[in-house]
Amino acid sequence: MLPFSKILSGQNNVLSILSKISNSKNIPHALLFSGPEGVGKFFTAIEFSKLVNFNSPNFEKISDKITQLSEPYVKLIFPLPRGNGETPDDSPTAKLSRDLIEEIQTQIKTKSQNPFFRFNISGANSIKISSIRDLKKSIAMSVADCKYRIIIINDAHLMNAESQNALLKSLEEPPEGIIFILLTSNKNQLLETIISRCWQINFSPLPNTDIETILTEYFDVEAKLAKEAAYFADGSVHSALSLVENDIDYILEKVINILRYSFAGKYNTAFNLIKEFTEKKSELSIQLLISFINKWLSDVLKARIGNEDIYFRTHIETITKFNEKFYDVDVSKPINLNNNFITYLQANVSLNIIAMNIIFELASIAKRY
């Protein structure tokens, strides 16, 4: 069995499946990598692209070209913004400004150097049908020294129905020597006909050790901070990076204070803390805040049964004091409601309404006692 040159220990099952596929005589023409954001799907796609070309005469050259995301060895499709006056007949970048094109080129280069880098291109929220149609040019090209050329579709679920139907034609009549790899965190948004034509590979959340290594080696995060962020990241590199960027110590301190004032029924103070937090840290951080409140309440339940594997290790005294005062209070209701608030946030419900409901539900704990 040919080895991967680089591995993620948390995806050993995936690597085992892909290694067997690479050694088989019938390599699928299309693979679907599905799983949460930030668990190494793109990293694995690049490594698999090298693996299937391992026996090529000029493997070192091909491997470098794949790493560099160089066409035609690798064709990368991803969401792009629309240009002024753009029509489906225009090329994907024809109507984009020079500055935007330079931004895209810079991010592609960064992605080639760091496979865990997340594209953040202004206004890019869908994969254009022109990007899918453009694949015909790449497929038509021939490269004598490369056994398999790879087409990677990043965030494949962001193809609209028109783009997916256009892709379907290529999947139904797969050209020889081409492997499609679709990456998605939400395969339910893909057409069943596309899913059925792909070999499905499911990715799991990464263990903390993998995340710590990625943060330190690819993002130069200090080891102690990487370890703390990894612990709260739920197996996602992207979540861990968000915690680093949003100052995890600040988040922890704010959560503790919001909990304290909510339990005490000091609604205005708790609301102002949430408002200050969201204004400083952007709307994304209300989701982080809700997640951390859930984790603290979960720690309360763990502590009651003697489970020492808790998140708020640096604030264990707050959990101990809470359980001493409210030792038999059910905290599962706020946990469930807070999960619902994330759904409300995604439905564009007012942040103020969400914040006040969180505070009232937390305050109800003390009232029920």
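Quick notes on this one:
- Estimated translational diffusion coefficient (Stokes-Einstein, Kirkwood radius over Cα pairs, 25 °C, 0.890 mPa s) of the chain: 107 µm² per second.
- For 141, 356, 159, order by how many other beta-carbon atoms lie within 10 Å, fewest first: 141, 356, 159
- Ascending count of other beta-carbon atoms within 10 Å, so fewest first, for 349, 237: 349, 237
- Three semi-axes of the equivalent ellipsoid, the range 1-84, Cα gyration tensor, whole Å, largest first: 23, 18, 12
- Three-way shape label, the range 246-368, alpha-carbon gyration tensor, a/c 1.5: prolate
- Computed from the Cα positions only, the extents of the range 9-204 along the three principal axes stand at 48, 36, 33 Å, in decreasing order.
- Helix-only arithmetic for the chain: the sum of -39500 (n - 2.57) across DSSP H runs with n ≥ 4, divided by the residue total, places the mean residue ellipticity at 222 nm at -17000 deg cm²/dmol.
- Qualifying GluC sites (Glu not before Pro) for the range 263-333 [loop in DSSP, other Cβ within 10 Å: at most 12]: 283, 308
- Over the chain, relative contact order from alpha-carbon pairs under 8 Å, at least 6 apart, %: 18
- Candidates 270, 240, 140: whichever shows maximal mean-square fluctuation once the chain is modelled as a Gaussian network with Cα springs under 10 Å: 140
- Lysine pair count for the range 67-158 [Cα-Cα under 17 Å; pairs on different chains or 8 or more apart]: 9
- Subtracting the Cα-Cα distance of residue 189 and residue 223 from 0.36 nm times their residue separation leaves 8.5 nm of extension gain.
- Of all DSSP bridge pairs formed entirely within the chain, close to 0 percent run antiparallel.
- For the range 87-161, averaging the sequence separation of C-alpha pairs within contact (under 8 Å, six or more residues apart) and dividing by the residue count gives a relative contact order of 38 percent.
- Here each label is just a point 7 Å from Cα along the line to Cβ, and for residue 245 and residue 137 those points are 3.1 nm apart.
- Per-residue Cβ neighbour rank within 10 angstrom, fewest leading, 353, 258, 305: 305, 353, 258
- Using alpha-carbon coordinates, inclination of helix 12-23 to the longest axis of the chain, degrees: 10
- Residue-count net charge about residue 67 - beta-carbon cut-off 15 Å; Lys, Arg +1, Asp, Glu -1: +4
- Modelled FRET efficiency - R0 22 Å, residue 113 with residue 6, Cβ distances, 0.05 increments: 0.95
- Summary of the geometry: the range 289-318 and the range 195-234, compared by the centres of their Cα atoms, lie 22 Å apart.
- Dipole of the chain, positive end: most advanced residue of 323, 175, 7 [Cβ charges, Cα centre]: 175
- Mean separation of Cα contacts under 8 Å, 6 or more apart, over the residue count of the range 1-137: relative contact order %: 22
None of the figures in this text is laboratory data; all of them are computed from the coordinates on show. Just so it is clear, the structure is predicted and the values come from calculations on it, not from any experiment. Virtual Cβ from ideal backbone geometry, glycine too; neighbours counted across all protein chains shown.
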